[in-house]
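Every number in this text was worked out from the coordinates using simple rules, so none of it is lab data. Given the structure is predicted, the values throughout are model-derived calculations rather than measurements. When we count neighbours, we look across all protein chains shown, and the Cβ atoms used for this are built from the backbone with ideal geometry, even at glycine.
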């Protein structure tokens, strides 16, 4: 397996942020750099369609915005969640009212999709880090198992399957979504 | 991948318990039967040596007992943790003072070792179920990643690596063990 490769060690966060961006993106965690896996079909379609669905609910009333492969730098880490969702009021803007380039805070909701070549604990650890810094909700999606583990502050995670209803951000609470709805996004025919 | 195979559905717990035992063991979870994976080298040596280590600390002063592949039936589930640890006072005995055959309660500490052919969320869900029923501590060991996720009641899990010290049962608190100590059990030469 080629797994979340550790590329460099012993580099500062400032030095890391000055390096050119890579594809796939690299992340800075506990003083080390890890390269994200090259996305494959199931990962890519879930990332694309799920962020679209979230934005269909969140953008119309300026409640929340889902962004894919966004670098979020906070609390000494620089993470690139598969999907980072920000409540509207927390989206950083520049002097022209446009979205800022640098995101220097945690997302309100972080979503990670397990790739076949990733270590689950590494990915889960990123979600737990976010939650401990202020993120309200984390989803860990395993397309192989058609399961989704939900993380919220100060409690054990919950593993959801099939018709289980999934918690979403409070600002999106009009939207009711089940585990099957997420994995139906994989269907082409 | 041949993954935690679902064998039967729609069978009662009593009916399940009347079925002959299988090798590898089967588990009854949410009304369905799942067959555990056939253990491989890394899984087997961790299970064997770690239970030995726990018992070296726990048995001498009758504090706790680690048991491998023990069927624990409680709260409508019948689980077979890779290692189930019971505090001494909670080990069920028969009229002769011998250990009982049937364990009808949760272990105090449950340890699961991820096999290459298992879904992580399925395995983690077993640990979370135990903790929600009264288990005080859960370890989820990923030999690939040399990482260990720790579960305790009413809090987010923690992922531990390298020199991180691991929580153990309070009755075993004389024993200090690090993540590297666990994975050094894999070494033959």
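Given 0.36 nm per residue, what is the gain on full extension from residue A:163 to residue A:40 after removing their alpha carbon distance, in nm?
Values: separation 123, 0.36 × 123 = 44.28 nm, distance 2.60 nm.
Additional length available on full extension: 41.7 nm.
What residue among A:163, A:25, A:84 has the largest mean-square fluctuation in a Gaussian network model of chain A, using Cα springs under 10 Å?
A:163
Could you list A:44, A:51, B:9 in order of exposure, starting from the residue whose Cβ has the fewest other Cβ atoms within 10 Å?
With the sparsest Cβ surroundings first, the list reads B:9, A:44, A:51.
Between copies, how far apart are the residue A:10 label points? List them in nm, one decimal, shortest first, with each point 7 Å from Cα toward Cβ, please?
Result for residue A:10, in nm, nearest copy first: 6.4.
Can you bin every Cα-Cα distance in the range A:38-80 into 10 Å intervals starting at zero and give me the percent of pairs per bin, rounded to whole numbers?
Binned Cα distances yield the sequence 26, 40, 32, 3.
First check a/c for the range A:120-189, with a ≥ b ≥ c the square roots of the eigenvalues of its C-alpha gyration tensor; if it is under 1.5, answer rounded, and if not, answer prolate when a/b is larger than b/c or oblate otherwise.
Because a/c hits 1.5 or more and a/b fails to exceed b/c, the range A:120-189 counts as oblate.
How much length, in nm to one decimal, is gained on full extension between residue B:132 and residue B:173, taken as 0.36 nm per residue of separation minus their Cα-Cα distance?
12.5 nm
Given R₀ = 41 Å, what would the calculated FRET efficiency be for residue B:59 paired with residue A:144, taking r from the Cβ atoms and rounding to 0.05? Mind showing how you got there, number by number?
Values: r = 39 Å, r/R0 = 0.96.
In this case the efficiency is close to 0.55.
What is the spin-label model distance, in nm, from residue A:91 to residue B:188 if the labels are put 7 Å beyond Cα along the C-beta direction?
5.7
I want to verify the translational diffusion coefficient of the range B:1-101 in µm²/s; compute it with Stokes-Einstein, Rh as the Kirkwood radius over Cα pairs, at 10 °C and 1.306 mPa s. Intermediate results must be reported in sequence, preceding the final value.
Numbers: Rh = 15.1 Å.
Rounded to a whole number, D works out at 105 µm²/s.
Return the distance in nm (one decimal) between the two label points of a simple spin-label model at residue A:11 and residue A:32, each offset 7 Å from Cα along Cα→Cβ.
Going by the 7 Å Cα→Cβ label model, 1.4 nm.
Considering only the label points, 7 Å along Cα→Cβ from Cα, what distances in nm to one decimal separate residue A:163 from the same position in each other copy, shortest first?
Label point to label point, same position, other copies: 5.3 nm.
Can you pull the mean other chain C-beta count within 10 Å for peptide A:125-134?
Mean shielding count: 2.
If the convex hull of the alpha-carbon atoms of the range A:39-184 is projected onto planes in all directions, what is the mean projected area in square nanometres?
So the Cα hull casts an average projection of 8.7 nm².
Using Cα springs under 10 Å in a Gaussian network model of chain A, which residue among A:169, A:156, A:79 shows the largest mean-square fluctuation?
With Cα springs under 10 Å in chain A, the top fluctuation among A:169, A:156, A:79 is at A:156.
Given the rule -39500 (n - 2.57) for each run of at least 4 DSSP H residues, summed and divided by the residues of chain A, what is its mean residue ellipticity at 222 nm, to the nearest 500 deg cm²/dmol?
Working: 4 runs with 44 residues, N = 189.
It lands at -7000 deg cm²/dmol.
Return the inverse of the average 1/r over all pairs of distinct C-alpha atoms in the protein assembly as shown, which is the Kirkwood hydrodynamic radius, in Å to one decimal.
Kirkwood hydrodynamic radius for the protein assembly as shown: 22.3 Å.
Measuring nothing but label to label, 7 Å from Cα along Cα→Cβ, what are residue A:100's distances to the other copies in nm, shortest first?
Result for residue A:100, in nm, nearest copy first: 6.0.
State the antiparallel share, in %, of DSSP beta bridges confined to the range B:90-189, rounding to the nearest 5. Intermediate values should be presented prior to the final figure.
Values: 12 of 17 bridges.
Roughly 70 percent of the DSSP beta bridges within the range B:90-189 come out antiparallel.
Point me to the residue of chain B whose C-beta lies closest to the B-onto-A rotation axis, rounding the distance to whole angstrom.
B:120, 2
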